[in-house]
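Novice: Got a structure for you, questions after.
No lab work stands behind these numbers, since they all come straight from the coordinates. Values in this document were obtained by computation on a predicted structure and should not be read as measured data. Cβ placement follows ideal geometry from the backbone for every residue including glycine, while neighbour counts extend to all protein chains displayed.
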Ligand SMILES: Nc1ncnc2c1ncn2[C@@H]1O[C@H](COP(=O)(O)OP(=O)(O)OP(=O)(O)O)[C@@H](O)[C@H]1O
Ligand SMILES: [Mg+2]
């Protein structure tokens with residue numbers, strides 16, 4: 001069981017104001033709270049536009065929260081002078097766009113080492129070799145010389161991971177890190193991410209994905225996001241064997257599983273929104289087969305039902 005937390009997030013909210021595009025301010029992330037424990041991977045799961053990347057960018061200090069707090073543990077705060085931007089590093093979805101095509105890998109990886117650790121070039125290169133070993137790009141010297149176009153997608157993503165490690169972060173936010181990679185190499189890259197935790201190269205990870213099956217492989221806990229709201233969070237196996245929120249059930253039932261289909265457990269839920277989100281009600285109400293009047297007017301709070309398994313739904317029976 002994970003005890004001490006590396007990161008605590010409270011009431012994180014992001015409102016985008018785009019006057020020309022939307023008449024009203026757009027709440028992309030609403031009142032999100034969670035922790036990342038030592039050695040823990042938490043998966044953040046939700047459909048496109050649900051606010052996953054926005055949460056990641058706020059944690060990494062790229063985007064400023066409209067409200068809420070992000071706190072790293074006291075122990076790590078002792079590493080004085082280190083900013084959120086250094087301590088939380090992101091690995092992005094697209095390894096083609098993430099790397100500057102003109103830079104050699106040696107530059108890409110040694111630059112953050114020099115910036116953050118004030119090392120000289122030779123020491124930074126030595127550290128870069130070590131990190132390339134960690135991401136299994138061996139022999140390191142061969143890769144240091146290369147430019148991105150000389151690498152496969154999987155190798156590029158390993159370079160992106162190496163660049164993140166170059167800052168010596170406590171936390172890595174992996175934002176759909178394998179969704180653009182060839183199916184045959186996805187498991188290898190996920191295993192590498194898992195190894196970073198096991199080998200204590202990083203203290204915790206937020207794994208952003210659409211894909212519950214990969215979340216199951218990598219994460220101890222899963223957090224389900226719907227239109228910027230956390231609707232369910234729990235230990236991976238508990239949540240997947242007993243999903244409580246109708247939206248989690250929808251996501252889970254969308255994964256082909258002959259046994260479950262034969263048991264006739266799948267719910268029929270429209271896959272697209274059928275109306276506007278009620279202003280004060282549950283964001284899922286327009287798509288929810290269980291919704292009643294209360295769901296239209298009252299936002300259900302995220303409440304713990306069983307040990308560490310919380311859900312935001314008026315229609316879930318008390319356990
Ligand atoms: N800078 C911005 N200005 C205005 N709206 C934004 C901005 N960034 C994100 N959004 C909006 O916020 C919502 C959440 O976007 P976000 O990229 O966080 O979703 P996501 O869950 O990562 O989606 P995907 O799975 O497609 O990557 C979307 O509706 C998006 O259009
Ligand atoms: Mg995204």
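Novice: Tell me the mean residue ellipticity at 222 nm calculated for the chain from its helices only (DSSP H runs of n ≥ 4, each -39500 (n - 2.57), averaged over every residue, nearest 500). Walk me through the intermediate numbers first.
Specialist: Details: 13 runs with 110 residues, N = 319.
Taking each H run of at least 4 residues, the total per residue is -9500 deg cm²/dmol.
Novice: Moving on. To test your reading of the geometry: what angle, between 0 and 90 degrees and rounded to tens, separates the Cα axis of helix 183-198 from the longest principal axis of the chain?
Specialist: Once rounded, one gets 80 degrees.
Novice: Further question on the same structure: Under 10 Å, Cα contacts only: if you run a Gaussian network model on the chain, which one of 60, 291, 204 comes out with the highest mean-square fluctuation?
Specialist: Highest fluctuation among the options: 291.
Novice: Separate question: By how many degrees, between 0 and 90 and to the nearest 10, does the Cα long axis of helix 105-117 differ from the longest principal axis of the chain?
Specialist: Around 80 degrees separate the two axes.
Novice: Sticking with this one: Between residue 85 and residue 20, how high is the FRET efficiency from 1/(1 + (r/R0)^6) when r is the Cβ-Cβ distance and R₀ = 35 Å? Nearest 0.05.
Specialist: So the FRET efficiency works out to roughly 0.75.
Novice: So, R0 is 51 Å and r is the distance between the beta-carbons of residue 13 and residue 184; what FRET efficiency does that work out to, to 0.05? Walk me through the numbers before you get to the answer.
Specialist: On the way: r = 40 Å, r/R0 = 0.78.
Efficiency computed from Cβ-Cβ geometry: 0.80.
Novice: For the peptides 50-59, 190-199, what is the packing order when you average, over each peptide's residues, the other Cβ atoms within 10 Å and list the highest mean first?
Specialist: On the way: 50-59: 23.2, 190-199: 15.7.
My ranking of the peptides, most packed first, is 50-59, 190-199.
Novice: Mind ordering 28-35, 136-143, 234-241 by average Cβ neighbours within 10 Å, highest first? Don't skip to the end; give the middle numbers.
Specialist: On the way: 28-35: 20.4, 136-143: 15.6, 234-241: 17.8.
Most protected by this proxy first, the peptides run 28-35, 234-241, 136-143.
Novice: Considering only DSSP beta bridges with both partners in segment 5-241, what is the antiparallel share in %, to the nearest 5?
Specialist: Working: 19 of 38 bridges.
Of the beta bridges lying entirely in segment 5-241, close to 50 percent run antiparallel.
Novice: In nanometres, what is the gap between the two model label sites at residue 102 and residue 152, each 7 Å from Cα along Cα-to-Cβ?
Specialist: Modelled inter-label distance: 3.0 nm.
Novice: What relative contact order, as a whole-number percentage, does segment 5-241 give when Cα pairs under 8 Å and 6 or more residues apart are counted? Kindly include the intermediate steps, with their values, before the conclusion.
Specialist: Working: 454 pairs, mean separation 68.2, N = 237.
Dividing the mean separation by the residue count of segment 5-241 yields 29 percent.
Novice: Mind checking the angle between helix 121-134 and the chain's longest principal axis? C-alpha axes, 0 to 90 degrees, to the nearest 10.
Specialist: Tilt of helix 121-134: around 50 degrees.
Novice: Turning to a different aspect of this structure: Which percent of the Cα-Cα distances in segment 5-241 go past 29 Å? Present the calculation step by step, with values, prior to reporting the outcome.
Specialist: Values: 7854 of 27966 pairs.
When all Cα pairs of segment 5-241 are counted, 28 percent exceed 29 Å.
Novice: Additional query: Cβ neighbours within 10 Å, averaged per peptide: list 308-314, 144-150 in order, most packed at the top. Walk me through the numbers on the way to the answer.
Specialist: Working: 308-314: 20.4, 144-150: 14.4.
By packing density, highest mean first, the sequence is 308-314, 144-150.
Novice: At what distance in angstrom do the alpha carbon centres of segment 127-146 and segment 88-111 lie from each other?
Specialist: The distance from the Cα centre of segment 127-146 to that of segment 88-111 comes to 14 Å.
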